[in-house]
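Q: Have a look at this one.
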Amino acid sequence: MTKYLFVTGGVLSSLGKGIAAASIGALLKARGHSVTFVKLDPYINLDPGTMNPYQHGEVFVTDDGTESDLDLGHYERYTGLSMSKRNNYTAGRVYNNVIQKERRGDYLGATVQVVPHITDEIKCCIQSAGTDPKVDVVIVEIGGTVGDIESLPFLEAIRQIPLDIGRQHVFYIHLTLVPFIQAADELKTKPTQHSVNKMREIGIQPDMLLCRTDRPIAQALKRKIALFCNVSPEAVITAQDVKNVYEVPLLFHKEGLDTIVAKHLRLKGVPKLSAWKQVVRRLSTPVGHVKIAIVGKYVGMKDAYKSLYESLVHGGLSVRHSVQVVWIDSEQVTRDNVTAQFSGCQGLLVAGGFGNRGIEGKIHAITYARERRLPFFGTCLGLQCAVIEFSRYVAGLPEADSTEFTPQTKDPVIDLLPDQHTVVQKGATMRLGAYPCKVIRGTHAYAAYRQDKIMERHRHRYEFNNRYRDAITKAGLTISGVSPDDKLVEIIELSDHPWFLAVQFHPEFKSQPTYPHPLFSAFVGAAVRQAPVSP
Ligand code: GLN
């Protein structure tokens, strides 16, 4: 019998519901259970692919090419599972399914309503993740905060699930905030009480509370929360702020979370946490520090580069260094200030992105890395900028550009794929998901992967223009990865540079703390060997 564990959030957003859900998954997996996840997002977009990263953070791409919520990235990083379109539903997708069914005539005669039609559809989405007989527990995270108008149908749907399958197969976890109020010199429980009351109004009694706080919660306070919120005192879990997000599974375990969940859901198994302990040990005992610049246009928006940032941390783990990321606004980088901008850095990464804002700054940064032999890593748009930079300043094509930025450019070294010319709709029409790539032996790329064939995830429309392959490679750029039919350039590098490599795909979507991605390990390793830029 598949069990369902629901994670809801109260009081305010950004309390780390995604990391909490991922950590619970990691613990259940460490106890020998097979888990999967469903993220339910209450907005109307069919997927987050068309949203601005300022609003929504990074768009995480799965192997099957789904543009999904960044929480799926946490799920993959904490459990090593591969997510797909079955693991993320938005209100828009749910309504779309229902409207299509209505048009098909599936509800002939009925008035189609939120309850039961939308709620039934939500239950279908949730339960389709549990149809795999190998899955012991489906962890369902509801986006948003209890009290939002948008989340109501989702909460109503999860309220009904125990009626369908039995209360003993369902566990509700509610994440709340227990703030410390300076003036009173006290931790306050009222927001938690109100938030749980909201849940109970809807008909859901949480089985466990995860109390986000900046300090330990004393037993007496736990008992108070338990009494007012109608949960047992041991199910009041202190979710104290941590230095590093990978400490959360062990923190929850210390608080007894997995033991309580396992008891309620009648799951047998003993936790094997050595891999997590090793990650945390390595994180807390680095042999050194390395400073790496991320050059991008969503500065100050860590969520927009979530997987990239985490991948750098993982790369650091494999060379026992802690990575300090310096965020550089590409719009502020000029030819004159570039040295000052990168002062103290030992490597620079140019991230993916869309549109021409900040492109010239990225190109100046790449020139600097190429000429000063600073380790450089480009992902997706980062590769496209590196090709433009090399074409302009080395291959003698001063007007080289991408048709994304300058449609009429004389030398479109980056251009649309032929099949993209006819695309009109913007949603889910890029080259998306995992594609194979052949890695050429004797290159930096091969030294990192040590494999001839790899699979990496893509999210882009534009490509290296094959018309320029000869001119650019003759000028000295090495193509070190191509599609199996040799039609698409996937990896480029400079052979005579300590580490200058860029990829058309997004390796950051496949890195995990327990399995750092080889390119991030190699890049951070090269940065560790590099002396910092002096101003
Ligand atoms: N804008 C570029 C393209 O569409 C790069 C996309 C990206 O960096 N993800 O090809």
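The values are calculated or read from the model by the stated rules, or taken from the named source; none is laboratory data. Worth saying up front: this structure is predicted, and the values here are computed from it rather than measured. All Cβ positions, even for glycine, are placed from backbone atoms using ideal geometry, and neighbour counts span all protein chains on display. Surface accessibility is based on the protein's heavy atoms, side chains included, excluding ligands, DNA and RNA. Shrake-Rupley method; radii C 1.70, N 1.55, O 1.52, S 1.80 Å.
Q: Return a yes/no flag: does the range 415-423 have any residue that is within 23 Å of residue 48 (Cβ to Cβ), touching a Gly at 6+ places or on another chain (Cβ under 9 Å), within 15 Å of the ligand (Cβ to nearest atom) and not aromatic (Phe, Trp, Tyr).
A: Scanning the range 415-423 turns up no residue that is within 23 Å of residue 48 (Cβ to Cβ), touching a Gly at 6+ places or on another chain (Cβ under 9 Å), within 15 Å of the ligand (Cβ to nearest atom) and not aromatic (Phe, Trp, Tyr).
Q: Here's a follow-up. Of (1) modelled with pLDDT of 95 or more; (2) more than 28 Å from residue 318 (Cβ to Cβ), residue 407 satisfies all except one. Which?
A: Of everything listed in (1) modelled with pLDDT of 95 or more; (2) more than 28 Å from residue 318 (Cβ to Cβ), residue 407 misses just condition (1).
Q: State which residue is nearest to the ligand (Cβ to nearest atom) when the search covers only the range 335-352 and only residues that are within 14 Å of residue 363 (Cα to Cα) and under 25 Å from the mean Cα position of the chain (by Cα).
A: Among residues in the range 335-352 that are within 14 Å of residue 363 (Cα to Cα) and under 25 Å from the mean Cα position of the chain (by Cα), the one nearest to the ligand (Cβ to nearest atom) is 352.
Q: On to the next question. Which residues, taken from the range 168-192, are surrounded by fewer than 19 Cβ atoms within 10 Å (Cβ to Cβ), out of contact with any Pro (no Cβ under 8 Å at 6 or more places or on another chain) and not basic (Lys, Arg)?
A: Across the range 168-192, the qualifying residues are 168, 180, 181, 182, 183, 184, 185, 186.
Q: Still on this model: Looking at residue 412 and the list (1) in contact (Cβ under 8 Å) with a residue 12 or more places away in the chain; (2) away from the ligand (no atom under 15 Å from the Cβ); (3) farther than 25 Å from residue 533 by Cβ, which single condition is not satisfied?
A: (2)
Q: Within the range 59-67, is there a residue that is over 21 Å from residue 435 (Cβ atoms) and not small (Gly, Ala, Ser)?
A: For the range 59-67, residues over 21 Å from residue 435 (Cβ atoms) and not small (Gly, Ala, Ser): absent.
Q: Among the residues of the range 258-272 satisfying the criterion of being assigned to a loop (DSSP other than H, G, I, E, B) and charged (D, E, K, R), which is surrounded by the fewest Cβ atoms within 10 Å (Cβ to Cβ)?
A: Per the criteria, the residue is 268.
Q: In the range 86-100, is there at least one residue being assigned to a loop (DSSP other than H, G, I, E, B) and not hydroxyl-bearing (Ser, Thr, Tyr)?
A: no
Q: Okay, moving on. Among the residues of the range 399-408, is any within 15 Å of the ligand (Cβ to nearest atom) and crowded, with 21+ Cβ neighbours inside 10 Å?
A: Yes, some residue in the range 399-408 is within 15 Å of the ligand (Cβ to nearest atom) and crowded, with 21+ Cβ neighbours inside 10 Å.
Q: Related question: Residues being away from the ligand (no atom under 15 Å from the Cβ), out of contact with any Ser or Thr (no Cβ under 6 Å at 6 or more places or on another chain) and outside any loop (DSSP other than H, G, I, E, B): count how many of those fall in the range 361-388.
A: 9
Q: Same structure again: Here are 483, 495: which of them is at pLDDT 95 or above and within 16 Å of the ligand (Cβ to nearest atom)?
A: Residue meeting the stated conditions: 483.
Q: Examine the range 512-520 for a residue that is assigned to a strand (DSSP E or B), touching a Ser or Thr at 6+ places or on another chain (Cβ under 9 Å), closer than 16 Å to residue 349 by Cα and hydrophobic (A, V, I, L, M, F, W, C), and state whether such a residue exists.
A: no
Q: Here's something else I'd like to know. Give the number of residues within the range 57-73 that are in contact (Cβ under 8 Å) with a residue 60 or more places away in the chain and part of a helix (DSSP H, G or I).
A: 2
Q: Search the range 458-483 for residues being assigned to a helix (DSSP H, G or I) and not basic (Lys, Arg), and hand back the single one that is surrounded by the most Cβ atoms within 10 Å (Cβ to Cβ).
A: Step by step, filter the range 458-483, then rank; the result is 472.
Q: Scanning for something surrounded by 13 or more Cβ atoms within 10 Å (Cβ to Cβ), within 19 Å of the chain's Cα centre (by Cα) and in a helix (DSSP H, G or I), does the range 234-246 turn up at least one residue?
A: Yes, because at least one residue in the range 234-246 is surrounded by 13 or more Cβ atoms within 10 Å (Cβ to Cβ), within 19 Å of the chain's Cα centre (by Cα) and in a helix (DSSP H, G or I).
Q: Of the conditions (1) more than 24 Å from residue 268 (Cβ to Cβ); (2) in contact with a Gly (Cβ under 6 Å, 6 or more places away or on another chain); (3) open to solvent by 10 Å² or more (accessible area, probe 1.4 Å), residue 55 clears all except one; give me its number.
A: Single failed check for residue 55: (2).
Q: If residue 165 satisfies every condition in (1) touching a residue at least 40 places away in the same chain (Cβ under 8 Å); (2) of a type outside the set (Lys, Arg); (3) touching a Phe, Trp or Tyr at 6+ places or on another chain (Cβ under 7 Å) but one, which is the exception?
A: (3)
Q: Being in contact with a helix residue (DSSP H, G or I) (Cβ under 8 Å, 6 or more places away or on another chain), among the small types (Gly, Ala, Ser) and either assigned to a loop (DSSP other than H, G, I, E, B) or surrounded by 18 or more Cβ atoms within 10 Å (Cβ to Cβ) (or both) narrows it down to one residue among 434, 395; which is it?
A: Just one listed residue meets the conditions, 395.
Q: Another one. Taking residue 46 as the residue in question, decide whether it is open to solvent by 10 Å² or more (accessible area, probe 1.4 Å), in contact with a Lys or Arg (Cβ under 6 Å, 6 or more places away or on another chain) and part of a loop (DSSP other than H, G, I, E, B).
A: In short, yes.
Q: Kindly indicate whether any position in the range 446-455 is under 25 Å from the mean Cα position of the chain (by Cα), among the hydrophobic types (A, V, I, L, M, F, W, C) and open to solvent by 30 Å² or more (accessible area, probe 1.4 Å).
A: Yes: one or more hits.
Q: I'd like to know if the range 300-310 contains one or more residues that are farther than 22 Å from residue 246 by Cα and part of a loop (DSSP other than H, G, I, E, B).
A: No: zero hits.
Q: Identify the single condition in (1) more than 24 Å from the chain's Cα centre (by Cα); (2) part of a strand (DSSP E or B) that residue 322 does not satisfy, given that it satisfies every other one.
A: Going through the list (1) more than 24 Å from the chain's Cα centre (by Cα); (2) part of a strand (DSSP E or B), residue 322 breaks only (1).
Q: Answer yes if at least one residue in the range 438-451 is part of a strand (DSSP E or B), more than 16 Å from the ligand (Cβ to nearest atom) and under 23 Å from residue 84 (Cβ atoms), and no otherwise.
A: No: zero hits.
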